[in-house]
Amino acid sequence: MRAFLAAGVLTSLVLSACGPAPPNPALAVFQSALAQAQSGQEATFIAERRYTDYAGSDAGTHTERFVQGQGGVFRVDLLTLDGLAREQLPTQEAVDEFDRKSARFAAGFGTYIARSRDFRVRDLDLFSANYTFVLFDAPVPVAGRPAQVAEVKPKSFDRPWYMVWVDLETLVTLKYLEFLPSGVLAAEMETLAIEYDPDLSQETFQPAAHTEQMEVDPAQLAALVSFRVFAPSYTPSGFVRSSCRTSRKADQDVVMFSYSDGLQELFVAQYQELPGSAAAASGTEPIRVGMARYGAAHDAELSLLGTQLHFTGKVDAQELMLVVECLDLLP
């Protein structure tokens with residue numbers, strides 16, 4: 001891998017030293033992928049993918065069946081855990097763990113997989129402002145498909161960097177390696193098999209985790225929900241607010257602030273504090289913040305003045321804690 005990286009960087013330097021650089025095909029790939037995503041014309045496919053989490057609180061390897069339908073609908077199912085299907089697992093404890101993860105996929109983690117876990121350019125201007133990339137010359141086959149390889153690095157040192165393999169024809173991300181800012185490998189995903197334009201007539205797709213979604217002005221939130229709402233006054237470098245919306249989940253009003261740096265997303269979700277919440281604080285008790293990691297992503301939760309808050313983003317823990325600590329109570 002080191003020789004491969006060095007060769008790619010050297011090729012880039014040689015090209016730039018020989019005169020004006022040719023148009024960068026990587027930028028065209030990202031532009032096309034973004035245009036397809038925004039127009040709702042993303043490729044439909046059924047893929048078997050292997051994902052390995054090296055750094056998270058729940059580290060391990062699994063394979064998943066991922067179905068992408070028209071208009072961004074999807075389905076994610078757990079196939080194996082640490083290389084074994086459910087019926088092959090040796091202990092009841094392992095079966096229970098499989099069932100727990102499978103239920104998480106269906107209950108909302110599947111949405112995270114489909115929308116936030118994998119490498120995905122969301123805003124080309126923000127991406128160009130916050131990231132640099134090096135294109136490798138020769139396509140590499142992944143799951144029998146020719147893939148363009150690029151190294152993508154952030155200009156801020158608080159978030160992950162990538163090696164990414166993108167299908168040359170469909171622009172689907174087939175593989176990536178996700179590294180922590182320290183250079184430690186945090187996670188990787190590789191497509192093992194993929195079928196494009198499949199017959200999806202027999203597929204059922206995961207329902208939206210949030211219903212009745214509505215984009216709103218933050219100044220209107222006090223009149224729309226019954227709990228106190230907090231807005232971040234600090235966001236990591238390069239992140240800008242992409243949306244503020246209300247929705248319903250499990251018969252509860254939810255407020256969601258979303259931020260993006262063009263590649264990563266940072267979410268702040270909040271709703272009425274759950275009865276008996278372990279993160280709740282009252283009176284003079286200290287406010288407890290629970291922190292978990294999934295690959296390069298950190299997730300924090302707490303309760304504050306009757307409001308439950310969740311923070312998720314692929315930034316380091318200190319940056320996410322700054323977001324938590326710099327909250328403004330909206331009037």
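Overview of results
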{"quantity": "Estimated inter-spin distance, Ala317 and Gln202, nm [label 7 Å along Cα→Cβ]", "calculated": "4.7 nm"}
{"quantity": "For region 138-218, size of Cβ-based charge dipole, Lys and Arg +1, Asp and Glu -1, in debye", "calculated": "540 debye"}
{"quantity": "Rounded accessible area per residue of region 59-216, 1.4 Å, Å²", "calculated": "47 Å²"}
{"quantity": "Two-site label geometry, Thr91 and Ala43: point separation in nm, points 7 Å out along Cα→Cβ", "calculated": "4.1 nm"}
{"quantity": "Sequence-separation-based contact order of region 126-216, relative, with Cα cut under 8 Å and 6+ spacing, percent", "calculated": "18 percent"}
{"quantity": "Cleavage-rule hits, GluC sites (Glu not before Pro), region 165-217, DSSP coil, Cβ neighbours within 10 Å at most 11", "calculated": "Glu169"}
{"quantity": "Extreme residue, positive dipole direction of region 127-175, given options Pro154, Leu135, Thr170 (C-beta unit charges)", "calculated": "Pro154"}
{"quantity": "Residues of type aspartates and glutamates that Lys153 reaches as a straight line, Cα spacing below 14 Å, ignoring anything fewer than 8 places off in the same chain", "calculated": "Glu178, Asp261"}
{"quantity": "Carbon + sulfur, % of accessible area of region 80-153 - ligands and nucleic acids excluded, 1.4 Å", "calculated": "53 percent"}
{"quantity": "Rough spin-label spacing in nm, given labels placed 7 Å along Cα→Cβ, for Val240 and Ser182", "calculated": "3.3 nm"}
{"quantity": "Those chymotrypsin sites (Phe, Trp or Tyr not before Pro) in region 62-157 that DSSP places in a loop and that have at most 14 other beta carbons within 10 Å", "calculated": "Phe157"}
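The values are calculated or read from the model by the stated rules, or taken from the named source; none is laboratory data. Model, not experiment: these values are computed from the prediction. So basically every Cβ, Gly included, is an ideal-geometry build from the backbone, and we count neighbours across all protein chains shown. All accessible areas refer to the heavy atoms of the entire protein, side chains included, with ligands and DNA or RNA removed. Shrake-Rupley method; radii C 1.70, N 1.55, O 1.52, S 1.80 Å.
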